[in-house]
Amino acid sequence: MLELTGVVAGYGRTACLKGISLEVRAGEIVALLGANGAGKTTTLMTISGLVRVRQGGLSFDGVRLDRLSPEAIAGLGIGHVPEGRRLFSRLTVLENLELGAFLRRDRAAIAQDRERVFGLFPVLRDRRTQLAGTLSGGEQQMLAIGRGLMGRPKLLLLDEPSLGLAPKLVQEVFQVITQINQAGIPILLVEQNARMALTVAHRGYILETGAIAMAGSAGDLAGNPQVQAAYLGG
C-alpha cells in the first residue's frame, strides 16, 4: 500500500533521510526502529507531507504523495498519530475526537466510529466532557490514537505510542494496536520499545543516521545478535 523508494528529505539544508526505501503491505504492522535522531519521526512526517521529498519516490495505493499537501494526503486515508500526542489540551475529549474526522461529512458513520473508539478505550467515554489537558498520560495517548482512528484511515502511522507510559499501560496500548490491525488497518509503527514493537509487528526496518541498515521479518530481527545488542538489551 505504501512505498518509499530512495527518499531523501530533511530540514533546511540538512538531509535527515538519505535515500531510504521501505514498504507497508496490506494487513501488516511494520516496525521502524532506530536510535534517537536516526530519522524515524522525519520518515513519518515525510509520508504525511509535513516534510517535503527532495529526491526519490513516495506513493500510497499507486498515488504519488510527494506533490500533495498534508490535507490531501490525509484525505487519501493516511492517519498520523504524532509523537507527544499533540492534543488540543483546552478542548474536551469529545471535541478532540470530532476534530479527527474534520475531513468527513458522513455524520452517521462518524458517530459509529466514535462508538468504536469508546469500545477500544472505555475510559474515554467516561471522560468525554473532560478537557484533554487534564487527562493522565495514558489517557492522552488513548485519545491521540482514537483521534487518529476517527479519520477512518486506510493506513495508520504511529509515532512512539508507548512513550512515557507505565509498563501496564504499555501492554494495554500494544494490545489495542494489535486489535486495530486485526480490524484491517495496516500500521507503520515507530517505537523506542523495540522488544514490544517486534512482538506485534510482521516485519521491521532498522534506521541508522537516515539510512536503512537492516530489514526483515520481526522474528528474524528479534533473533539477530546485532539487533539484540543494540536495541533489545541482549
Give me the one-decimal nm value for the distance between modelled label points at Ala213 and Leu131, 7 Å along each residue's Cα-to-Cβ direction.
4.3 nm
When you have a sec, figure out the Kirkwood radius of the chain from all distinct Cα pair distances and drop it here in Å to one decimal?
18.0 Å
Give me the base-10 log of I(q)/I(0) for region 103-163 at each q in 0.29 Å⁻¹, Debye formula, one uniform scatterer per Cα, rounded to two decimals.
-1.31
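With a cut-off of at most 16 other beta carbons within 10 Å, and DSSP calling the residue loop, which trypsin sites (Lys or Arg not before Pro) in region 13-55 qualify? Please list them.
Hits after loop and neighbour filter: Arg13, Arg25, Arg52.
Charges at C-beta only: +1 for Lys and Arg, -1 for Asp and Glu. How large is the resulting dipole of the chain about its Cα centre, in Debye rounded to 20?
Dipole size: approximately 480 debye.
For region 54-151, what is the charge dipole size about the Cα centre, in debye to the nearest 20, if Lys and Arg each add +1 at the Cβ and Asp and Glu each add -1 at the Cβ?
The dipole of region 54-151 has a size of about 120 debye.
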Give the long-range amide H neighbours of Glu208: residues separated by 5 or more places, or on another chain, with amide H under 5 Å away, using H modelled in the peptide plane at 1.01 Å from N.
Ala213
Total formal charge among the other residues, if their Cβ is under 11 angstrom from that of Leu4, Lys/Arg +1 and Asp/Glu -1:
-3
Full-extension gain between Ala183 and Glu95, please, as 0.36 nm times their residue separation minus the C-alpha to C-alpha distance.
29.2 nm
HN-Hα J couplings of region 68-74 from phi, Karplus 6.51/-1.76/1.60, θ = phi - 60°, integer Hz, Gly and Pro as x?
9, 6, x, 5, 5, 5, 4
Net charge near Gly27 (other residues with Cβ under 12 Å of its Cβ; Lys, Arg +1; Asp, Glu -1) is +2
Once both label points are put 7 Å beyond Cα along the C-beta direction, the Arg64-Ser21 separation in nm becomes 1.9 nm
Given Cβ charges of +1 for Lys and Arg and -1 for Asp and Glu, the option among Ala38, Gly210, Leu135 whose Cα lies farthest towards the positive end of the dipole of the chain is Leu135
Mind checking which aspartates and glutamates have their C-alpha under 18 Å from Lys168, skipping anything on the same chain fewer than 8 residues away?
Glu139, Glu160, Glu191
Top positive-direction residue, dipole computed over region 97-234 with Cβ charges, set Leu188, Ala108, Gln228:
Ala108
Once amide H atoms are built 1.01 Å from N in the peptide plane, which residues 5 or more positions from Thr92, or in another chain, come under 5 Å H to H?
Ala132
Sort out the exposed loop chymotrypsin sites (Phe, Trp or Tyr not before Pro) in the chain (DSSP loop, at most 15 other Cβ within 10 Å) and tell me the longest stretch that has none.
103-234
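Each value in this text was obtained by applying a stated rule to the coordinates, not by laboratory testing. Because the structure is a prediction, the values reported are computed rather than measured. Because the Cβ atoms are built from the backbone with ideal geometry, glycine has one as well, and the counts that use them run over all protein chains shown.
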